[in-house]
């Protein structure tokens, strides 16, 4: 079954679906670009790993009462009488409280991205990123991604940054387009200038150029047919619950449009 929406499917943004979709999309992009950039370049799938706290999983409870103990004064030793002033405790109590605590939970998050490399020198020419939720919400994942992004922007390496997630804050840029989704294309030789393709839920994902080196013909990346093919191959229509609103939720007018599409495609009841 094809993707019921003209472009991005908002139900694919669910946290339990996104990692699978992200993996499939990265692979599909690599397969689509490889024949366009060979023989001078090749497309490599790279991976980074984060250790992140599980959302709402950290709750540390500390006991209010510490272990209390008294140490008796040692008796004098040897044959010489020594006068020592001491206080004798009538009773010695040790208070112990046993408490069940909740410890932080962590998960290992692996994110794949693409690098177009020179086939002879293996130099990175272009980095292609498909953002994940951990890149867009505050935390270690965003900090590490922003650090990597800064490194790329300080070089002549080109960057293609694909943001198909409504959750979280967009990556730093001025101005930030007021749209659900955006794709940044930054050609390395243009410094801090980039082009942003901003689009919404009701339109196809635009075809974008993928820069190589200055003066060379650019590859083309058409994400819309890739998404539809992935949706069909992965049988997402069996995994997505279209009877529930997408996560994150949509404004009422967009939700009404989504419901209209789903009813037309007979994915939900028309009553």
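State yes or no: is residue 175 surrounded by 13 or more Cβ atoms within 10 Å (Cβ to Cβ) and more than 20 Å from the chain's Cα centre (by Cα)?
For residue 175, the condition - surrounded by 13 or more Cβ atoms within 10 Å (Cβ to Cβ) and more than 20 Å from the chain's Cα centre (by Cα) - is not met.
In region 255-271, how many are assigned to a loop (DSSP other than H, G, I, E, B) and closer than 12 Å to residue 3 by Cα?
2
State all residues of region 22-52 that are farther than 20 Å from residue 223 by Cβ and either part of a helix (DSSP H, G or I) or touching a helix residue (DSSP H, G or I) at 6+ places or on another chain (Cβ under 8 Å) (or both); if no residue qualifies, say none.
Residues satisfying the conditions are 42, 48, 50, 51, 52.
Return a yes/no flag: does region 180-188 have any residue that is surrounded by fewer than 16 Cβ atoms within 10 Å (Cβ to Cβ) and over 20 Å from the mean Cα position of the chain (by Cα).
no
Of (1) under 22 Å from residue 113 (Cβ atoms); (2) touching a residue at least 60 places away in the same chain (Cβ under 8 Å); (3) part of a loop (DSSP other than H, G, I, E, B); (4) out of contact with any helix residue (DSSP H, G or I) (no Cβ under 9 Å at 6 or more places or on another chain), residue 203 satisfies all except one. Which?
Answer for residue 203: the failing condition is (1).
Residue-by-condition table, conditions (1) over 17 Å from the mean Cα position of the chain (by Cα); (2) surrounded by 14 or more Cβ atoms within 10 Å (Cβ to Cβ); (3) touching a residue at least 40 places away in the same chain (Cβ under 8 Å):
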position: 118; (1), (2), (3): yes, yes, yes
position: 133; (1), (2), (3): no, yes, yes
position: 164; (1), (2), (3): no, yes, yes
position: 195; (1), (2), (3): yes, no, no
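If I ask for residues that are in a helix (DSSP H, G or I) and loosely packed, with under 15 Cβ neighbours inside 10 Å, which ones from region 230-254 would you list?
232, 233, 238, 252, 253
Filter region 215-229 for residues that are surrounded by 14 or more Cβ atoms within 10 Å (Cβ to Cβ) and either assigned to a helix (DSSP H, G or I) or under 23 Å from the mean Cα position of the chain (by Cα) (or both) and give the result.
221, 223, 224, 225, 226, 227, 228, 229
Has region 38-47 got at least one residue that is crowded, with 19+ Cβ neighbours inside 10 Å, within 24 Å of the chain's Cα centre (by Cα), at pLDDT 95 or above and closer than 16 Å to residue 113 by Cβ? Give the steps one after another, and end with the answer.
Here is the first cut: in region 38-47, the residues crowded, with 19+ Cβ neighbours inside 10 Å are 41, 43.
Those left that are additionally within 24 Å of the chain's Cα centre (by Cα): 43.
Then keep just the ones that are at pLDDT 95 or above; that gives 43.
Next cut, closer than 16 Å to residue 113 by Cβ only: 43.
Scanning region 38-47, I find at least one residue that is crowded, with 19+ Cβ neighbours inside 10 Å, within 24 Å of the chain's Cα centre (by Cα), at pLDDT 95 or above and closer than 16 Å to residue 113 by Cβ, so the answer is yes.
The values are calculated or read from the model by the stated rules, or taken from the named source; none is laboratory data. The structure presented is a predicted model; accordingly, all values stated were derived computationally and were not measured. Cβ sites come from the backbone with ideal geometry, for glycine too, and all protein chains shown count toward neighbours.
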